[in-house]
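The values are calculated or read from the model by the stated rules, or taken from the named source; none is laboratory data. Source: prediction; values computed, not measured. Note that each Cβ is placed from the backbone with ideal geometry, even for glycine, and that neighbours are counted across all protein chains shown.
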Amino acid sequence: MTTARRSLLVALSLAACAGHGPSPAASHPEGPPPPLAEWDGPSIPEAAVKAFEALQASAYAHGEREARAALSRGELALQTFGLPAPCRERYARLLWHEHRIEHRALSDCAAVEELRAHGFNKVMEAEIGRRFGADALALAARRAGCR
């Protein structure tokens, strides 16, 4: 990846993460994001935007594959990113002690990593709901003081 392309991806990722700090019970997109909306910043070449959108879709699909592989190994986990919610530790402890669901905090707030985590969590949340009930995560979040 060229330095210019890497700089563009970093700039777009940072813009997407500005002020971001989801709670553990944040909603997740149903699929890869729609094309980038209007951009108020400097002009970005269309090819760069398309490359970034392809990277986003690839990251989401990678997260889904990663989750299916973890499930095949018998692992249940959720990934979080961004600034931690005040209740994150309590929530993670509850999930582990009650359901053996591992909490994986990602170190960076980067748009591509967030999309990978959304893809991962979509698959995991479906399996967690199947095993423990559709409201298992919401109940744990409430008990941890997240809502």
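Ala117 - would you say it is more than 14 Å from Leu95 (Cα to Cα), touching a Ser or Thr at 6+ places or on another chain (Cβ under 8 Å) and part of a helix (DSSP H, G or I)? Yes: the conditions hold for Ala117. Of all residues in the range 106-120, those being farther than 17 Å from Ser72 by Cβ, out of contact with any Cys (no Cβ under 7 Å at 6 or more places or on another chain) and surrounded by 18 or more Cβ atoms within 10 Å (Cβ to Cβ) number 7. The numbered conditions (1) in a helix (DSSP H, G or I); (2) within 13 Å of the chain's Cα centre (by Cα); (3) modelled with pLDDT of 80 or more are all true for Arg93 except (2).
Scanning the range 123-147 for residues that are farther than 21 Å from Glu66 by Cα and in contact with a Leu (Cβ under 7 Å, 6 or more places away or on another chain) returns Ala140, Arg143, Ala144. Checking the condition buried (at least 17 other Cβ atoms within 10 Å of the Cβ), aliphatic (A, V, I, L, M) and in contact (Cβ under 8 Å) with a residue 24 or more places away in the chain, which residue from Leu71, Leu78 passes? None of the other options fit; the residue is Leu78.
Would it be correct to say that Glu53 is of a type in the set (Asp, Glu), at pLDDT below 90 and farther than 14 Å from Ala105 by Cβ? It is true that Glu53 is of a type in the set (Asp, Glu), at pLDDT below 90 and farther than 14 Å from Ala105 by Cβ. In the range 129-145, the residues that are part of a helix (DSSP H, G or I) form Cβ pairs under 8 Å with partners that are of a type outside the set (Phe, Trp, Tyr) and at pLDDT below 90, at six or more places apart or across chains, as follows: Leu137/Ala25; Ala138/Ala25; Ala138/Arg147; Ala141/Ser23; Ala141/Pro24; Ala141/Ala25; Ala141/Cys87; Ala141/Arg147. Could you please let me know if Val123 is modelled with pLDDT of 90 or more, part of a helix (DSSP H, G or I), of a type in the set (A, V, I, L, M) and buried (at least 16 other Cβ atoms within 10 Å of the Cβ)? Yes: the conditions hold for Val123.
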